[in-house]
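A short write-up of the structure that comes next.
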Amino acid sequence: MLVLLVVLVLQPAPAAFAEDTSDITWSVRPANQSGPDGRSWVELALDPGDQTTDYIAVKNFSDEAVAFKIDAADGYFTDAGRFDMLPPGEPSTGAGTWITVQDTVTVEPAATAIVPFVVRVPENAEPGDHAAGVAVSIRSEILDEDGARIGMESRVGFRVMTRVTGMIDPAVELAVLDAQYSLSWNPFSPGQASVTFEARNSGNARLLLHGTVDAAARSTSFPGESEPEQELLPGESRTLTVTVEQAWPLFLITGEIELTPAVVALDGSALSMDPTVEPILIWAIPWPQLMVCGGVLLLILGLVWGRTQSRRKTAKLVSLAREEGRRAALHDEGGA
């Protein structure tokens with residue numbers, strides 16, 4: 001599901017804008033001719049030149065009839081791994097142009113409208129995965145403190161993924177961008193290694209990114225349990241940062257990034273690919289531990305020096321005592 005809020009600064013107020021939409025709520029779902037069919041988004045497999053008709057279910061939860069705007073646009077995944085579509089006014093150049101749908105639909109109170117849309121794949125479409133989105137929106141306007149009209153467009157929609165049949169050739173590229181070590185100034189506590197890398201989908205199939213970062217004999221998997229899936233469309237890149245905790249500074253930490261992507265099949269399953277591996281090197285000077293070792297060494301040297309000086313002083317006193325004894329003995333012999 002896709003939910004967007006677009007804010008526009010306007011001059012004249014178009015008649016299509018509503019004065020107040022705060023009480024208007026609605027939902028948008030994939031459907032068949034009878035109504036919502038349980039899908040969260042649309043997945044299609046079409047040959048170049050083919051077309052198919054699918055449906056949108058627009059449910060109006062409000063107590064008044066509402067005229068909704070409908071549009072389609074190219075889709076993409078954000079850096080957070082969430083699906084989005086191009087905002088109004090930004091022209092589509094990909095699968096968003098393959099979708100034909102009526103511009104508006106009026107839905108009665110507490111009713112559901114079923115709207116057809118057609119996906120036409122061009123004859124010259126390249127094999128692989130192509131992403132678009134269909135959204136249903138309503139616009140309203142308010143006046144800001146300066147009296148300027150601010151247009152707000154709320155959009156609710158879903159993705160339309162089309163796999164054009166042909167040779168499916170999944171591929172991924174991996175590049176290390178940065179690798180750093182953060183010390184813990186507690187010499188008895190390890191620090192952490194932070195690795196930033198870029199994964200690029202250089203094939204023609206949609207990928208899920210999984211993998212591990214190994215450093216200082218520690219391993220961290222990505223994405224984490226509480227993190228969203230990282231999905232990557234053909235041609236997209238994603239920059240990720242993974243932190244390896246409890247890593248001891250060993251002057252030079254060696255490790256590797258192992259990226260194990262999976263190809264997303266139309267039935268929702270994921271087919272594993274061969275892993276892609278990149279080595280990492282991180283300078284990690286153990287300054288706190290060196291300071292402790294230096295302090296211990298100075299303490300030992302101080303003790304040794306102190307004992308040496310004490311022995312020398314004792315030996316000197318013994319020597320002086322002996323010399324004094326000899327002199328006293330000679331003096332006694334001369335007196336006798």
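Every condition in (1) open to solvent by 40 Å² or more (accessible area, probe 1.4 Å); (2) touching a strand residue (DSSP E or B) at 6+ places or on another chain (Cβ under 6 Å) holds for Ser137 except the one numbered (1).
Among the residues examined, Leu271 does not qualify as outside any strand (DSSP E or B), without any contact (Cβ under 8 Å) to a residue 12 or more places away in the chain and open to solvent by 40 Å² or more (accessible area, probe 1.4 Å).
Looking at region 66-88, can you tell me whether even one residue there is among the hydroxyl-bearing types (Ser, Thr, Tyr) and under 23 Å from Gly235 (Cβ atoms)? Looking for residues that are among the hydroxyl-bearing types (Ser, Thr, Tyr) and under 23 Å from Gly235 (Cβ atoms), one finds at least one in region 66-88, hence yes.
With respect to Leu266, determine if the residue is at negative phi, open to solvent by less than 70 Å² (accessible area, probe 1.4 Å) and under 17 Å from the mean Cα position of the chain (by Cα). No, not satisfied.
For Phe158, the test of being modelled with pLDDT under 95 and closer than 23 Å to Ala45 by Cβ is failed.
Of Arg218, Arg206, which residue is of a type in the set (Lys, Arg), touching a strand residue (DSSP E or B) at 6+ places or on another chain (Cβ under 6 Å) and closer than 30 Å to Leu290 by Cα? Arg218 is the lone residue from the list that is of a type in the set (Lys, Arg), touching a strand residue (DSSP E or B) at 6+ places or on another chain (Cβ under 6 Å) and closer than 30 Å to Leu290 by Cα.
Residue check: Pro249 meets all listed conditions (1) under 30 Å from Pro288 (Cβ atoms); (2) open to solvent by 30 Å² or more (accessible area, probe 1.4 Å) but one, namely (2). Against the criterion of being closer than 26 Å to Met85 by Cα and either part of a loop (DSSP other than H, G, I, E, B) or free of Cβ contacts under 8 Å to residues at least 12 places away in the same chain (or both), Asn204 qualifies. Taking the conditions exactly as written (within 27 Å of Tyr76 (Cβ to Cβ) and in a strand (DSSP E or B)), does Asp178 satisfy them or not? In short, yes.
In region 233-246 there is no residue matching the filter, namely being under 20 Å from the mean Cα position of the chain (by Cα), polar (S, T, N, Q), within 24 Å of Pro170 (Cβ to Cβ) and not in a strand (DSSP E or B). Of the strands (runs of 3 or more DSSP E) entirely within region 26-131, those holding at least 1 residues that are under 28 Å from the mean Cα position of the chain (by Cα), among the hydrophobic types (A, V, I, L, M, F, W, C) and crowded, with 18+ Cβ neighbours inside 10 Å occupy 26-31, 42-46, 66-77, 83-85.
Here the condition is being under 17 Å from the mean Cα position of the chain (by Cα) and open to solvent by 10 Å² or more (accessible area, probe 1.4 Å); of Thr220, Thr276, Thr254, it holds for Thr220 alone.
The values are calculated or read from the model by the stated rules, or taken from the named source; none is laboratory data. Here the structure is a predicted model, which is why all the values come from computation and not from measurement. Neighbour counts run over all protein chains shown; Cβ positions are idealised from the backbone, glycine included. The accessibility values were calculated without ligands, DNA or RNA, using every heavy atom of the protein model including side chains. Shrake-Rupley method; radii C 1.70, N 1.55, O 1.52, S 1.80 Å.
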